[in-house]
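Chemist: The structure's right below; bear with me while I get my questions together.
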Amino acid sequence: MADPHAPLVVVMGVSGSGKSTVGGLLAERLGVPYAEADDFHPPANIAKMAAGHPLDDTDRAPWLDAITDWITDRHGEGGVVSCSALRRRYRDRLRAAAPALFFVHLDGSEELIAARLTARMSHFMPPGLLRSQFDALEPLGPDEAGAVVAIDGGPQQLAERAYAALPR
Ligand SMILES: Nc1ncnc2c1ncn2[C@@H]1O[C@H](COP(=O)(O)OP(=O)(O)O)[C@@H](O)[C@H]1O
Ligand SMILES: O=C(O)[C@H](O)[C@@H](O)[C@H](O)[C@H](O)COP(=O)(O)O
């Protein structure tokens, strides 16, 4: 039976902030399924980013729709999805699928994230797009259910910080 208290969490932040790493560990800790937002992009979006161009709202629409469907399916069952969710209106869209959706924003300096991105191997996202991600980023508003987690620390430590930040 569905657990009405099963947490449904979006791990958000700019490219390279650690969403996939921390999201996977958090899902394990919670014992709920994990989804990687990059898997929801149409191939054209991946090609555009790989070619060094930031996505716009039109590109992101089908991607957000697909993530919204995943969240709708997990509503009442719990789950963790990594998704940059940079703009408030993107988060509003995701939240419409599950009003109790909780956002964990992985927050760190551009310098630290650029260093991690540059070291990351075999990924389509060029580090040169990081500035555009910070430009698009709208931090969580005071009326949004969520928490900011600082990314200075190892993956397990950050997953514990994220876990501790979830509503009880
Ligand atoms: N807490 C951390 N400490 C050091 N390196 C990290 C940490 N979290 C993630 N990384 C590394 O930084 C890079 C970006 O992390 P990733 O999870 O892919 O970020 P995102 O999903 O937000 O793009 C990867 O190479 C990952 O192994
Ligand atoms: O909306 C966007 O501009 C993209 O979705 C972007 O935010 C996302 O971060 C990329 O898919 C790169 O993937 P990583 O975040 O895993 O680097």
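The values are calculated or read from the model by the stated rules, or taken from the named source; none is laboratory data. Since we're looking at a predicted model, the values are computed, not measured. Using ideal geometry, Cβ is built from the backbone for each residue, glycine included, and neighbour counts are taken over all protein chains shown.
Chemist: Can you pull out every residue in region 99-114 that is among the hydrophobic types (A, V, I, L, M, F, W, C) and either at pLDDT 95 or above or surrounded by 20 or more Cβ atoms within 10 Å (Cβ to Cβ) (or both)? Break it down stepwise before answering.
Modeler: Going residue by residue through region 99-114, those that are among the hydrophobic types (A, V, I, L, M, F, W, C) are 100-104, 106, 112-114.
Within region 99-114, LEU101, PHE102, PHE103, VAL104, LEU106, LEU112, ILE113, ALA114 meet the criteria.
Chemist: Provide a single number: the residues in region 114-143 that are among the charged types (D, E, K, R), more than 11 Å from ligand 1 (Cβ to nearest atom) and in contact (Cβ under 8 Å) with a residue 12 or more places away in the chain.
Modeler: So the count comes out to 2.
Chemist: Now, a different point. Looking at region 38-53 only, could you name the residues that are assigned to a helix (DSSP H, G or I), in contact with a helix residue (DSSP H, G or I) (Cβ under 6 Å, 6 or more places away or on another chain) and within 14 Å of ligand 1 (Cβ to nearest atom)?
Modeler: Applying the first criterion (assigned to a helix (DSSP H, G or I)) to region 38-53 yields 38-40, 43-50.
Of the ones still in play, those that are also in contact with a helix residue (DSSP H, G or I) (Cβ under 6 Å, 6 or more places away or on another chain) are 40, 45.
Hit for region 38-53 is PHE40, nothing else.
Chemist: In addition: Scanning for something assigned to a loop (DSSP other than H, G, I, E, B), touching a Lys or Arg at 6+ places or on another chain (Cβ under 9 Å), on the phi > 0 side of the Ramachandran plot and within 9 Å of ligand 2 (Cβ to nearest atom), does region 54-68 turn up at least one residue?
Modeler: For region 54-68, residues assigned to a loop (DSSP other than H, G, I, E, B), touching a Lys or Arg at 6+ places or on another chain (Cβ under 9 Å), on the phi > 0 side of the Ramachandran plot and within 9 Å of ligand 2 (Cβ to nearest atom): absent.
Chemist: Could you say whether any residue in region 85-97 is within 16 Å of ligand 1 (Cβ to nearest atom), over 15 Å from the mean Cα position of the chain (by Cα) and not in a helix (DSSP H, G or I)?
Modeler: No, the conditions are met nowhere in region 85-97.
Chemist: Same structure again: Just a yes or no: is a residue in region 3-21 among the aliphatic types (A, V, I, L, M), away from ligand 1 (no atom under 16 Å from the Cβ), part of a helix (DSSP H, G or I) and within 18 Å of GLY146 (Cβ to Cβ)? Walk me through how you get there before you give the answer.
Modeler: To start, the set of residues in region 3-21 that are among the aliphatic types (A, V, I, L, M) comprises 6, 8-12, 14.
Retained after the next criterion (residues that are away from ligand 1 (no atom under 16 Å from the Cβ)): 6, 8.
Then keep just the ones that are part of a helix (DSSP H, G or I); that gives none.
Scanning region 3-21 turns up no residue that is among the aliphatic types (A, V, I, L, M), away from ligand 1 (no atom under 16 Å from the Cβ), part of a helix (DSSP H, G or I) and within 18 Å of GLY146 (Cβ to Cβ).
Chemist: For region 3-11, check the following and say yes or no: at least one residue is of a type in the set (Asp, Glu) and over 21 Å from PRO127 (Cβ atoms).
Modeler: Going through region 3-11, the residues of a type in the set (Asp, Glu) turn out to be 3.
Those left that are additionally over 21 Å from PRO127 (Cβ atoms): 3.
The answer is yes; a qualifying residue exists.
Chemist: Related question: Scan region 114-126 for residues that are within 22 Å of ASN45 (Cα to Cα) and more than 10 Å from ligand 2 (Cβ to nearest atom) and report the count. Walk me through how you get there before you give the answer.
Modeler: Quick first cut of region 114-126, residues within 22 Å of ASN45 (Cα to Cα) only: 114, 117-118, 120-126.
Cutting the leftovers down to more than 10 Å from ligand 2 (Cβ to nearest atom) gives us 114, 118, 121-122.
Residues that pass the stated criteria total 4.
Chemist: Still on this structure: Can you tell me how many residues within region 9-44 are surrounded by fewer than 22 Cβ atoms within 10 Å (Cβ to Cβ), touching a Gly at 6+ places or on another chain (Cβ under 6 Å) and touching a residue at least 60 places away in the same chain (Cβ under 8 Å)?
Modeler: Summing the residues that are surrounded by fewer than 22 Cβ atoms within 10 Å (Cβ to Cβ), touching a Gly at 6+ places or on another chain (Cβ under 6 Å) and touching a residue at least 60 places away in the same chain (Cβ under 8 Å) in region 9-44 gives 0.
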